[in-house]
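Just so it is clear, none of the values below were taken in a lab; they were calculated from the coordinates. All of these numbers come straight from a predicted model, not from anything done at the bench. Ideal geometry is used to build each Cβ from the backbone, glycine not excepted, and the neighbour counts take in all protein chains shown.
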Amino acid sequence: GGVVNIITKRPTDALKGSVSLFTQLPQDSAEGASRRANFNLAGGLTDNLGVRLYGGLAKSDADDLDINAGHATSDLVAGREGVRNKDLNGLLSWRLNDQHRFEASAGYSRQGNIFAGDTMNSNGGGDVEFVSSLYGHETNVMQRSTYDLTHLGDFTWGTSKTSLAYEYVRNWRLNEGLAGRTEGAPNQEGAAMSRLRNTRLSSEVNLPFAAGATEHVLTLGGEYLYEALNDQGSLRAQSSDPSAGGLIGFDRSSSKINARSYALFIEDNIVVGDTTVTPGLRFDHHETFGDNFSPSLNLSHELTEALSVKGGIARAYKTPNLYQSNPNYLLYSRGNGCSVQQSNNGGCYLQGNADLKPEISVNKEIGLLYDRGSWRTSATYFRNDYQNKIIGDTEVLYTIGSGSRVTQWDNAGKARVEGLEGNVFIALTPTLDWNTNLTWMLDNDSREPGEPLSVIPQYTVNSTLDWQATDKLSLQLSGTYFGKQKSPTYNYRTEQDYDLQAQQDVEAYGLVDVSAGYKFNAHYDVRVGVNNLFDKQILRGGNASSSGANTYNQPGRALFAALNITF
């Protein structure tokens, strides 16, 4: 994952703050412990000037290097990686008068991994001693700096918001092997830094008005985005690079990529009695991928005082990232990542494609909500249909002099994500609440060849009982049940079925957590508990090619404690 984006809220009038501390200690000493500390301070400095500050430190230790030994396809299959996080964000809010407010914010985040020994092929990258020596050290550090200036207007005719935002992301990582058995494993060839700079200008106005029996809030807006990437790691010269002229459109002389895009949008929130209709239209222009219109329509209607129906449909699109569309971004495989449909003579290249089309999706949902105060329930059906999914294609475009085959990123066929979501909340007594939610996946695969887009549970159920035993003491019992996770059966890169022995499913399983909280007074409260009370552990077997869905560690029983102080 990347660095967490902390969104600062507007400060209140009174100066208030909080400090929170958390620690979690696993029962199994091979699993990594966690701890974090956060502070928050917000309030008014003067009648017209407010401030908000947020900061945090967090660390999760890596699992032991040999946590999966004896359970995996290789002794080098690593467990969960550790992480160090540092965050600091601040916001100043100045109210010039009743119509104008100005805000300035800045933030810094740093996230560094704590290496657990993982490599792409779980083989130590051909240098087991070196890779093992990195255990417990940082091999990848991401830093993110943000700066924002915002004007907020509140006028008789409506409201407005205009923002100028700048984001600077630095991603440092040890160089890794890019082909053969060393692929994805840190090596002794130094480190590289990628730098991403995003500049965004956005503005919108909200115009409330009435037209006959209807109430409207019309929103008009636009935004401009400039992205600039300098990646000296992924775009650096490689020993596997073909000789001059070997690849069409390939030139390693520059590691810089940039893109410009802008958008205009309009939305009207229309209220007619018990019905709210919200049509919208967004126009996007990308300097490489051209124009796109994305319409949307949402509706909600109160059938009775307690029962309402909601639904919507929207077209969305996603442009290829700065790597997929760049012919100078080149991946090489000596054979394991190549199709078996052709003879392997010199491996294969996967090259960026400047002619890619954006991914398109049509997203639909409809649901019922029933609210009687002391109990609420809802059910929603959703379906997202995708076109032009971007994949690393296996079609050989041509063969260069060395015998290596050349393929490209390309737009594939269709895909679908479809499912049901539900929620039930019941106040069983004035002091005991029961809350349950369910997600059930009906479909999650590409239309061709019918493989899952990702390995996820068929269903997930979360249920919680909250009991306010006294004014100061609260008790909580919660459970999560994950449905079966099915193994993929087909490797689209090599165009062959996985071995039957490797097609390992993860059977359905559940986790139970218990905790107790105590509020000493208005400023101090604590919570202690046990996560995964019945110590359900899953040890990773390997990668998808060797272990199917069994590709992650589920940590076992752990004790936790949290302290929150407000002032």
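Apply 1/(1 + (r/R0)^6) to the Cβ-Cβ distance of T431 and D28, taking R0 = 41 Å, and write down the FRET efficiency to the nearest 0.05.
On the way: r = 36 Å, r/R0 = 0.87.
Step by step, r from the Cβ atoms, then E = 0.70.
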Exposure proxy ranking, count of Cβ atoms within 10 Å, fewest first, for L91, L453, L500: L500, L453, L91
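Grab the Cα-Cα distance for L88 and T399, subtract it from 0.36 nm times how many residues apart they are, and report the gain in nm with one decimal.
Numbers: separation 311, 0.36 × 311 = 111.96 nm, distance 5.12 nm.
Gain on extension, L88 to T399, equals 106.8 nm.
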Which of Y323, Y54 has the fewest Cβ neighbours within 10 Å, and the rest in rising order: Y323, Y54
Sparse-neighbour loop sites [trypsin sites (Lys or Arg not before Pro); the stretch 347-395; at most 14 other C-beta within 10 Å; DSSP]: R372
Shape category assigned to the stretch 347-431 from the gyration tensor of Cα positions, a/c cut at 1.5: prolate
Cut-off 17 Å (backbone N to label point 7 Å along Cα→Cβ of V217), residues of the stretch 143-160: 152-160
Check: the stretch 389-505 dipole with +1 on Lys, Arg Cβ and -1 on Asp, Glu Cβ, in debye: 100
Electrostatic dipole magnitude of the stretch 348-420 [Cβ: Lys, Arg +1; Asp, Glu -1; Cα centre; debye, to 20]: 300
Beta bridges by DSSP in the stretch 336-436, antiparallel share as percent, to the nearest 5: 90
Per-residue HN-Hα couplings for the stretch 277-288 [Karplus 6.51, -1.76, 1.60; θ = phi - 60°; Hz; x = Gly/Pro]: 10, 10, x, x, 8, 10, 10, 10, 10, 10, 4, 9
Least to most buried among E138, E395 (fewest other Cβ within 10 Å first): E395, E138
Full-extension gain in nm, N175 to A14, via 0.36 nm per residue minus C-alpha separation: 53.0 nm
Global form of the stretch 47-182, assessed from the alpha-carbon gyration tensor, a/c cut-off 1.5: prolate
Where GluC sites (Glu not before Pro) fall in DSSP loop in the stretch 258-347, at most 14 other Cβ within 10 Å: E287, E305
Charge dipole (the chain, unit charges on Cβ, about Cα centre) - positive-most of I366, L25, G352: L25
Cα-centre dipole for the chain with unit charges at Cβ (Lys and Arg positive, Asp and Glu negative), debye to 20: 1000
Shape category assigned to the stretch 278-405 from the gyration tensor of Cα positions, a/c cut at 1.5: prolate
